[in-house]
Structures are given as structure tokens and as C-alpha cells.
Amino acid sequence: IMASEPDFLPDGIIDRERAMDAIQRTELPGRFEIFDGQPMLVIDSAHNEVSIRAALAVARGVTQGKVICVTGIARDKDIESCMRHMAEKADGAIFTTYYNPRESSPDDLLRMYEKFGGKQGSTEEHPEAALEEAIEQAGPDGLVLVTGSVYLAGLLRQAAVEYADGRQQ
């Protein structure tokens, strides 16, 4: 809020320039976190309709190549809306597990994705293998978006760091 509304910074209490500088340098792991590589890899812990729609829109805006999602979503989320947006915006999706009792089955997610016309959908039990498959499908000019769950984002973050460091390309 403060970054978009600097008038929230009361004069004399917080140095406006220092506060704005701090806000601009703030990094939030797992919130459209970009890992360089070919393809680009993005981890976004979006886990509801609005945040998944936003992540997909930004992903589409930063690449002209394929957008391939690696996804797992909890059963208590609005899965139908999330899958509808993913089917409309992604060029492919790989549904996986993240080892949480609240997760939806990858097969159920795939069925919903395909119900809305999603293309190139598949399942992979192991998240790391799903990520490797997505990297291959996206191609060097594409983007891999890991999304749908804070748990999945956390689970694959180290693999993303290693990918960006060139240890997994």
C-alpha cells in the first residue's frame, strides 16, 4: 500500500525517502519470484482465483514463448475458477503433489483443466520431475510458472535456485 500511496507516510514519523527505498528493495520469496534461465522460471505462491489470474497475466506479459504451469492446489480453494483461467492463459500445465493432506489430486486438477479446454495437460507425482518436464516443454524462449500453493512454491524453490545457478539446465 505504501509503495502505491506514498501519502500514507506521515511527515516527521518516517523518512519518506528511506521508506520508499526500503519498499522498492523488498523481496518476497515466492511472489512472482523470477529465476533466470532458458526458459525463465517463475515461482508464485498464488493459490486463489484472483492471484492465479494475475500471475498468468504477468507471465503472458513477460514472454512471447510458451507458458507452462507446474501446479498443485488445495481442495478447499475455488479450483474451478483457477483451472478456467489456467486453461485460457497457459500453453500447458503439469499437475503434481506437494505432500499435504489438503491437496487436490493431480488427476482431478487435470480433468478440470481439460474440461475448460486446457491444452497439453499432464500429471506427475513428483514435483521435481514435474518441474523438469515443464522446463523441457516451455523451450528456451518460454516461461515455467510454478503456482497454486504456498507449499508447492516452497517445495520447489531450492530447485529453482539451482536451476538459475546453472546446476540443473
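Residue-by-condition table, conditions (1) acidic (Asp, Glu); (2) assigned by TED's automatic domain parsing to the domain that holds residue 151; (3) loosely packed, with under 14 Cβ neighbours inside 10 Å; (4) modelled with pLDDT under 70:
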{"position": "1", "(1), (2), (3), (4)": "no, no, yes, yes"}
{"position": "8", "(1), (2), (3), (4)": "no, no, yes, yes"}
{"position": "14", "(1), (2), (3), (4)": "no, no, no, yes"}
{"position": "23", "(1), (2), (3), (4)": "no, no, no, yes"}
{"position": "37", "(1), (2), (3), (4)": "no, yes, no, no"}
{"position": "45", "(1), (2), (3), (4)": "no, yes, no, no"}
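Looking at this structure, is residue 98 assigned by TED's automatic domain parsing to the domain that holds residue 63, part of a helix (DSSP H, G or I) and either among the β-branched types (Val, Ile, Thr) or touching a helix residue (DSSP H, G or I) at 6+ places or on another chain (Cβ under 6 Å) (or both)? First the steps, then the outcome.
Details: assigned by TED's automatic domain parsing to the domain that holds residue 63: yes; part of a helix (DSSP H, G or I): no; either among the β-branched types (Val, Ile, Thr) or touching a helix residue (DSSP H, G or I) at 6+ places or on another chain (Cβ under 6 Å) (or both): yes.
For residue 98, the condition - assigned by TED's automatic domain parsing to the domain that holds residue 63, part of a helix (DSSP H, G or I) and either among the β-branched types (Val, Ile, Thr) or touching a helix residue (DSSP H, G or I) at 6+ places or on another chain (Cβ under 6 Å) (or both) - is not met.
In the stretch 104-160, the qualifying residues are those that are in a loop (DSSP other than H, G, I, E, B) and in contact (Cβ under 8 Å) with a residue 60 or more places away in the chain, and the one that is nearest to residue 87 (Cα to Cα) is 148. For the residues 87, 93, the requirement of being outside any helix (DSSP H, G or I), touching a Gly at 6+ places or on another chain (Cβ under 7 Å) and without any contact (Cβ under 8 Å) to a residue 40 or more places away in the chain singles out 93. Restricting the search to strands (runs of 3 or more DSSP E) fully inside the stretch 29-79 and requiring at least 1 residues that are under 9 Å from the mean Cα position of the chain (by Cα) and under 21 Å from residue 121 (Cβ atoms) gives 40-43, 67-71. Any idea which of 131, 152, 56 is in contact with a strand residue (DSSP E or B) (Cβ under 6 Å, 6 or more places away or on another chain) and either buried (at least 19 other Cβ atoms within 10 Å of the Cβ) or farther than 21 Å from residue 163 by Cβ (or both)? Criteria check complete, one pass: 131.
The values are calculated or read from the model by the stated rules, or taken from the named source; none is laboratory data. Everything numeric here is computed off the predicted structure, so don't read it as measured data. We place every Cβ from the backbone using ideal geometry, glycine too, and count neighbours over all the protein chains shown.
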